[in-house]
1. May I ask for the net charge around A:Asp136, where only other residues with Cβ less than 14 Å from the Cβ of A:Asp136 are counted and Lys, Arg are +1 while Asp, Glu are -1?
2. Rounded to whole Å and sorted largest first, what semi-axes of the equivalent ellipsoid does the C-alpha gyration tensor of chain B yield via the square root of 5 times each eigenvalue?
3. Excluding ligands, DNA and RNA, what is the solvent-accessible area per residue of the protein assembly as shown at a probe of 1.4 Å, expressed in Å²?
4. Once amide H atoms are placed 1.01 Å from N in the peptide plane, what residues at a sequence separation of 5 or more from A:Asp62, or on another chain, have their amide H within under 5 Å of its amide H?
5. If you take the charge dipole of the range A:1-144 about its Cα centre, with +1 on Lys and Arg Cβ and -1 on Asp and Glu Cβ, which of A:Leu124, A:Gly99, A:Val111 is farthest toward its positive end?
6. Cβ under 11 Å from A:Asp453's Cβ, A:Asp453 left aside: what net charge do those residues give with Lys, Arg +1 and Asp, Glu -1?
7. Just add up the charged neighbours of A:Pro208: K/R +1, D/E -1, any other residue whose Cβ is under 13 Å from the Cβ of A:Pro208.
8. Given B:Ile170, B:Thr189, B:Pro199, which one lies farthest toward the positive end of the charge dipole of chain B, if we put +1 on the Cβ of every Lys and Arg and -1 on the Cβ of every Asp and Glu?
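The values are calculated or read from the model by the stated rules, or taken from the named source; none is laboratory data. The structure presented is a predicted model; accordingly, all values stated were derived computationally and were not measured. Positions of Cβ are backbone-derived with ideal geometry, glycine not excepted, and every protein chain shown enters the neighbour counts. Please note that ligands, DNA and RNA were not included when accessible areas were found on the heavy atoms of the full protein model with its side chains. Shrake-Rupley method; radii C 1.70, N 1.55, O 1.52, S 1.80 Å.
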There are 2 protein chains.
Amino acid sequence: MAHFPNTFGFTGTLRPLRLQGDIHDVEIEGEVPADLDGAFHRVHPDNQFAPKFEDDQFFNGDGMVSMFRVNDGKVDFRQRYAQTDKWKLENKAGKSLFGMYRNHLTDDPSVEGQIRGTANTNVLVHAGKLYAMKEDSPCLLMDPNTLETHGYTDFGGRIDSKTFCAHPKIDPATGNMCAFSYMSKGPMTHDMSYMEISPTGELLFEIPFQNKYLCMMHDFGVTEDYAVFSVMPLLTSMERLEKRLPYFGFDTTQPVWLAVLPRQAGATAADMRWFKAPSNCFVGHVMNAFNEGTRIYFDHPVAANNSFPFFPDIHGAPFDPIAGLGYLSRWSVDMASNNDEFESIEKLTNLADEFPRIDDRYATQAYRHGWMLVMDREKPYEGPGGPFVGMINSLAHIDLATGSTKSWWPGPQCGIQEPCFVPKSADAPEGEGYVIALVDNHVTNYSELCFFDAQHVDEGPIARAKLPVRIRQGLHGNWSTGAQLAGI
Amino acid sequence: MAHFPNTFGFTGTLRPLRLQGDIHDVEIEGEVPADLDGAFHRVHPDNQFAPKFEDDQFFNGDGMVSMFRVNDGKVDFRQRYAQTDKWKLENKAGKSLFGMYRNHLTDDPSVEGQIRGTANTNVLVHAGKLYAMKEDSPCLLMDPNTLETHGYTDFGGRIDSKTFCAHPKIDPATGNMCAFSYMSKGPMTHDMSYMEISPTGELLFEIPFQNKYLCMMHDFGVTEDYAVFSVMPLLTSMERLEKRLPYFGFDTTQPVWLAVLPRQAGATAADMRWFKAPSNCFVGHVMNAFNEGTRIYFDHPVAANNSFPFFPDIHGAPFDPIAGLGYLSRWSVDMASNNDEFESIEKLTNLADEFPRIDDRYATQAYRHGWMLVMDREKPYEGPGGPFVGMINSLAHIDLATGSTKSWWPGPQCGIQEPCFVPKSADAPEGEGYVIALVDNHVTNYSELCFFDAQHVDEGPIARAKLPVRIRQGLHGNWSTGAQLAGI
């Protein structure tokens, strides 16, 4: 019986949705640009059944994929569960069998050895399939139009890594999907790999290497010539699992690294360089990375201390919400240097920010425009539960050529989810197009997919696709074109 | 493009939902009785596309059927459009083609002669099918489990009437569905009929007769021996359609009738008796009817004047919300009398009420227990738009043996939809069981299917199936057993 816990993670703004459905021709306010043809896929954690543990992480919910199919000024909405192996086993049992977030010691014995993934972190169309990803497990493939689940892929038996990251990048020059894996040989292994997948979905190469310590490896950067990994001590261990502690804990005493690997089929771990950050810090999602010769630039929000109250300090320090604020920063290292020091660190904005995005046609390249969620209000801590919920409350555009920002606040009692840039046309200049983002009203419990002029987000939405439901706080999503959806 | 009008009928509490979907194992508060096995089907109007006319009636929305499948203390939710011929034609066109409520003169020429029905008024499982009904058109059949639409039925070519009422009754003695038709030979015809359909779905007989005037014939009563029709002057005419007036208008100068027809295959219009009410009045839904020999009892809310502000006075009198309040009343006539006068009129409660229901095992029979929505609060007129919305605000049980009532108020900013009684078991005493009703919160926009002990509704719900959406204000619905759903 679906008795959900009356805890923070399952009530109020974080109430599960669990609704699979369709709305044809969603009610529109304003005018959706008639030149837009494609789909915005995004995903949120959404427990199929009440969790086995009341204090389980939000991140442990089953992946619920939403699709907004945009064409001819109209928007169709579809939402389906990613039917992972876990989802299917639990669906059959009619209850949760898998236990706490990434803690297999808490599972029902009947599911021992089964893939625990939830496919709840990111969705991206590549090679005619929707890749639904969770970093602790293989990549799940779905139909990008029907959202029917095909199942986990091992890339025709070619992949060695048992896990697949949730933040692959598409190299606009080659069309390759650039991805990585951590804990590649199973839970608590230091093994990682870097891989590229062709535009037709073939695994081209896979380069194994070892990480410095057992930590969350959530995102990374890809430049024309290098794969770049930010490595911070958000650590885990078997001991934590045995003690049923939160899976990760932050360690302020360990160094932070930027690891760089050449993007070449023949490269090995021996070619990897490890650069040491000048001090401990907390790194967030990657906006973009690029290289000029051997000099590498890596842009991401960086916080002075842990940003995740739900993965507390490993030495017991209380969570510091101010020190946990990240600010978009540019780190630079040089592969030609003969030491492990950074070349430079540049803070690119004074606005606390996260969920950075770019015009993906400029991924791996020098670029000018970024979009992100920022805190530009006076009272950022109105919401319960620390900064993860209710804190990031405006959509911003940053012009990296000038450092100037424009932002739009959705209003009180509203949240805004990760933005996504959509170019006006395939050959439009960088940043010319639209930004789309879900705006959630936590009083009316309605969500709206808002469409902005990407260069004028401060002017507010030019159109809103108004849903009669509130879509649960999600993680990541991406735009695909009509041609991609048609498998062309 | 789905630009809905910013009018009363399409915003706020009446905002369309348009969502087809499923929620498996809905979140529950309290405990759903483990002995309940069956489904509650109900329906609401829900425009597939924005209406052709901004001031169109709420009643013109496409039928959206909800199913709450209850078993083993769990509730599964499913919602689908009734795919009427109108729905299919408009779906193909991507826009509304049919015009105003029951006014074919306002339709797109491409749909001339097509069935205009929306199947949005009532849903009832009979003979293994879900009958989805709208009184201006034939009966639509759907699958009671999947909610897939089979299409309109002409009962194997046997039925003469072109329309089918939305308030058939199941005779518990025979298992027959007792139904009627009005405007049976097409719009603006005085033709009506009474018919019975066997437990296996065969049309057994159809008795044609003529009505007194062209009026709404929404509900009726069935006793062991008679079919009983309340006939009030909520009139229509071709002239109203040509002038694009609301389809119906109320005429206080015309008499109100109770017409009685023997329930026999050989009966004809000549056997029908017309009894004249002592004064003009407005009659609502029928709670129940029964006869003791030739004496007939007919229970329904009766108002001093028009209850429907959206179908205004035909002579221009302003709407009077107090006079429009109905009170459950028992009318009695005697087939053995030699005049057209009523035997008695008894007001059964001082609570304004509508949406009366009974333990359906006692349909056609003398009975004791009724449930209905009542106004027992001091300020019933808080909502906009007159009494139809926001006025009926408590669930009540009435014991007709004592006249006593018990009621439960869902709280401020909440609405409650038509209740439905479910017996505790097939052989439980009358009224022993549960009452279920949707409670809609118009601030959070969440609906809950509430389960009450039928004898103690004043104690509030014993369980709530909590939806993450608000189900649009609906009309009618019914319970079916697990055996009925399995086609047994």
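1. Cβ neighbours under 14 Å give a net charge of +1.
2. 29, 28, 24
3. 36
4. It is A:Asp46, A:Asn47, A:Gln48, by chain and number.
5. My answer, from the dipole projection, is A:Val111.
6. -1
7. Taking every Cβ under 13 Å from that of A:Pro208, the sum is -2.
8. Value computed over the given set: B:Thr189.
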